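Encoded as structure tokens, the structure appears first; notes follow it.
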Amino acid sequence: MTGRAERIGLLALPGLSFLAVIYALPLFMLLLKSVQIDGQFSFAEYVAFFSDSYNLSVLWRTLRVALLTTGLALIIAYPTAIIMARAKGFWLSVFLVAMVLPMSVGVVVKAFAWTILFRTRGVLNDTLMSLGITDAPIRMLFTETALIIGAANVFLPFMVLPIYAVLRQMDSRLPEAAASLGATPVFRFMNVTFPLSLPGVVAGCAFTFSLAISMYVIPSLIVGERQQTLSMLTARSFLYLRNEALGATISSILLLIAISVVLTSSWAANRLGARQ
Amino acid sequence: MAPPAPRDMGDSKYLDVTAVGKAFKGTSVMSGMDFRVGRGELVSLLGPSGCGKTTLLRIIAGLTTADSGEVLLDGRAITSAPAHKRNISVVFQSYALFPHLTVAENVAFGLRARGHAKTDCGPKVAEALALVRMSDFAERKVAALSGGQQQRVAVARALIVDPVLLLLDEPFSALDRKLRETMQVELKTLLRDRNMTAIFVTHDQDEAMGVSDRIAVMNAGQIEQFATPSELYARPASAFVMDFVGLSTRLNGEVIESTENRSTIRSAYGTVHAPGTFVPGTEVTIGVRPELVKTRAAENTLRVTLADAMVLGSKTQLHGRAEAGDCLLCEVPGMNSDYAPGDTVTFGWDVADTLVYETGT
Ligand SMILES: Nc1ncnc2c1ncn2[C@@H]1O[C@H](COP(=O)(O)OP(=O)(O)OP(=O)(O)O)[C@@H](O)[C@H]1O
Ligand SMILES: [Mg+2]
């Protein structure tokens, strides 16, 4: 029987070799580039990167935007996932389509759509002014707030779907048992539904954070060059500055952040899973 | 946990379900359901799958809202009270233990929901766990428990809050036969000691007979009969109840003659007599409990060819060859290997022991 299981394992081989050649190998070469100067092993590039206060401000902005995007997406996604988990038939299809369809619309298209909404004489400002809430248009485009709202919008499905999946397969008897034991709806949510949905929350946050920390197109279109993020800095190093070592260093830093997010979240998911 | 309240059995109305109706998407599951339970009674809801037992239980617990009718508990209308304000505990078929909590945390849940601090729950939790002999497992994860242990935890969790009523939906169905019997005895003793009013849902008639003071036999959203186990067995109100509770010899036939309280019925195996007066020509079903059938001539006598003789230990069952829909069954005490399939034997029983129902009622 073990022989058979091993042979079935061979089915993963094409996928694994594809990943190795297309993903792991170039990444490894990139990593190598960031710790080599003239063929010598050195951390000098990293030291240089971290001693530049501009770079640090970009790093901090990238982390902050990713965190806030994840938080905003979570706040919007959780109630949506609850409603979806309770929906049946037609309404469930409507929700699923509403989640999946926007993914097929390119980010570029979406970003231009937001421009119509957010710009100085855009829909939002016109509405605010005609309602008398503000006198002069508020600058919304090219701000971090607009970036976070836009990013949370694009990544929303990656937050909703894992939470929805966990809530959907939760035994509906559990909240009922809690109710029959005298638990109010709030107590039920805090002590049963929410803790049991944590694996979905962790997965959703890991997806969204990883996507948000490495996003390039969305910040380029919404905030432009003035407020750089790590991905934009990487692109600039490679494309304009022709500084491959710097690009490789920033890429490696991004990669390390992504790896630690994945490891932490899978560790957290495992722990949560073991509790159940 | 409260001191035992006086137990009042019989037709009192501690729990009073009146004219309750429920439909799912236009399909009526029950209508005009009346169901009354006395304080301290242990009652079973017995019936085939899909007859509405769980639905009735959920309406009583407040987990499903009734379309019509009223539910009163101890004289107080609870029809529209939400589940968490009823103080009615439910033990679910799957036990529904909280997988992210330990055994002790599961048991403490009801106390914590009532605002007790985590640290204050200790003694009561220990007491409740001792009650179900699960003290050694307090810190375990519930996933690491066997079915029987999970059931005990579910019972402890339900009892710790001193419920005014305990509802159990097929609490034993996930257990193997041997364990089921042990748990039935244990749980019955436990509930009796605490004078708990409890309703068991089951579709196992032995379980219903064993654990309850009274049994409500349900069929298609109706209660066909609500009586003590012995009454139910000796005087079933309908052919359905007779079939559902215990085994019986069962024949279909037609009344050919009927005098004062005695009818003659023609069956496929010969004429038999039964108590009661019917219009000649009426289609009837007659039944006799198998231990009342003897292997000698009596007031009713049939010659039967055996299809099987099953030695079951404390009794031996003789199955006669019968047409579809009929059943010829005789039980003789002890292990008896005098009979073999193909033998022709005499089945005899008294008119007074004969149950008779108009077919289709
Ligand atoms: N939520 C629901 N939606 C639609 N129909 C339902 C729902 N709950 C129950 N029903 C229907 O109501 C009827 C009674 O169901 P119920 O669960 O009360 O039966 P039961 O007697 O408990 O059966 P079992 O012994 O199989 O548990 C069934 O026909 C069932 O399909
Ligand atoms: Mg049921």
*So how far apart, in nm, are the two label points at A:LEU19 and B:SER314 if each is 7 Å from Cα heading toward Cβ?*
6.2 nm
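Report for the range B:91-230 the percent antiparallel among DSSP-assigned beta bridges with both residues inside it, nearest 5. Before the final figure, lay out the partial values.
On the way: 6 of 11 bridges.
Around 55 percent of the beta bridges assigned by DSSP in the range B:91-230 are antiparallel ones.
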_Given contacts defined as C-alpha pairs under 8 Å and at least six residues apart, what's the relative contact order of chain A, whole-number percent?_
26 percent
*Degrees between helix B:147-159 axis and first principal axis of chain B (Cα, 0 to 90, nearest 10)*: 60 degrees
_Based on alpha-carbon centroids, what's the gap between the range A:1-43 and the range A:88-140 in Å, whole number please?_
41 Å
_Bins of 10 Å, beginning at zero and ending with the bin holding the largest distance: percent of Cα pairs per bin for the protein assembly as shown, please._
3, 11, 16, 16, 14, 13, 10, 7, 5, 3, 1, 0
*Helical mean residue ellipticity (222 nm; -39500 (n - 2.57) per DSSP H run of 4+; nearest 500) of chain B*: -6500 deg cm²/dmol
*On a 0 to 90° scale, report how tilted helix B:122-131 is relative to the longest principal axis of chain B, with both axes built from alpha carbons and the result rounded to the nearest 10.*
20 degrees
_Shielding of B:100-110 by partner chains, average beta-carbon count, 10 Å_ = 3
_Radius 11 Å from Cβ of A:PRO137, net charge of other residues (Lys, Arg +1; Asp, Glu -1)_ = +1
*Where Lys and Arg each count +1 and Asp and Glu each count -1, what net charge lies around B:PRO333 among other residues with Cβ under 9 Å from its Cβ?*
-1
*What FRET efficiency, computed as 1/(1 + (r/R0)^6) with R0 = 56 Å and r the Cβ-Cβ distance, is obtained for B:ASP34 and B:ALA297, rounded to the nearest 0.05?*
0.80
*DSSP loop GluC sites (Glu not before Pro) in the range B:306-361 with at most 16 other Cβ atoms within 10 Å of their Cβ, which ones?*
B:GLU323
*asked:* Helix-only mean residue ellipticity at 222 nm, chain A, DSSP H runs n ≥ 4 weighted -39,500 (n - 2.57), per residue, nearest 500. What is it?
replied: -23500 deg cm²/dmol
_Using DSSP H assignments, which helices in chain A have an axial alpha-carbon span of 20 Å or above and a mean Kyte-Doolittle hydropathy of 1.0 or higher?_
A:53-86, A:144-168, A:194-213, A:244-275
*With everything on Cα atoms, drop me the angle between helix B:177-193 and the longest principal axis of chain B, reported from 0 to 90° to the nearest 10.*
60 degrees
*asked:* Can you tell me, using C-alpha contacts under 8 Å and at least 6 residues apart, the relative contact order of chain B as a whole percent?
replied: 15 percent
*Inter-part distance where the range B:77-105 and the range A:175-207 are each reduced to a Cα centre, Å*: 15 Å
*Reciprocal mean inverse distance between Cα atoms of the range B:307-346 - Kirkwood radius, Å*: 10.4 Å
*asked:* Can you compute the radius of gyration and Dmax for the range B:15-241, using only the Cα atoms, both in Å?
replied: 17.6, 56
_Please arrange B:SER28, A:SER180 by how many other C-beta atoms lie within 10 Å of their C-beta, fewest to most._
B:SER28, A:SER180
*asked:* Using a 10 Å cut-off around each Cβ of peptide A:184-192, what is the average number of partner chain Cβ atoms that fall inside?
replied: 3
*Kindly state, to the nearest 0.05, the FRET efficiency for B:ARG76 paired with B:GLU181, given R0 = 30 Å and r defined as their beta-carbon distance.*
0.20
_Two-site FRET efficiency, B:THR27 against A:TRP60, from Cβ-Cβ distance with R₀ of 45 Å, rounded to 0.05_ = 0.15
*From the Cα gyration tensor of chain A, with a ≥ b ≥ c the square roots of its eigenvalues, which class applies: rounded if a/c is under 1.5, or else prolate if a/b is larger than b/c, or else oblate?*
oblate
*asked:* Tell me the relative contact order for the range B:247-358 as a rounded percent, counting alpha carbon contacts under 8 Å between residues six or more apart.
replied: 31 percent
*Provide, for q = 0.17 Å⁻¹, the log10 of I(q)/I(0) from a solvent-free Debye sum over equal Cα point scatterers in the range B:228-357.*
-0.87
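For the residues B:THR189, B:THR346, B:THR249, B:THR27, what sequence is obtained by ranking on other C-beta atoms within 10 Å, fewest first? Don't skip to the answer; put the middle values down first.
On the way: B:THR189 10, B:THR346 14, B:THR249 27, B:THR27 7.
Ordered from fewest to most neighbouring Cβ atoms within 10 Å, B:THR189, B:THR346, B:THR249, B:THR27 come out as B:THR27, B:THR189, B:THR346, B:THR249.
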_Qualifying chymotrypsin sites (Phe, Trp or Tyr not before Pro) for the range A:13-71 [loop in DSSP, other Cβ within 10 Å: at most 16]_ = A:PHE43
*What is the extension gain from B:HIS273 to B:THR65, computed as 0.36 nm multiplied by their sequence separation minus the C-alpha to C-alpha distance, in nm to one decimal?*
70.0 nm
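Taken together, the values in this text are just the output of simple stated rules run on the coordinates, not laboratory data. The shown structure was predicted, so the numbers you read here are calculated from the model rather than taken from an experiment. Glycine gets a Cβ as well: all are built from the backbone with ideal geometry, and neighbour counts include every protein chain shown.
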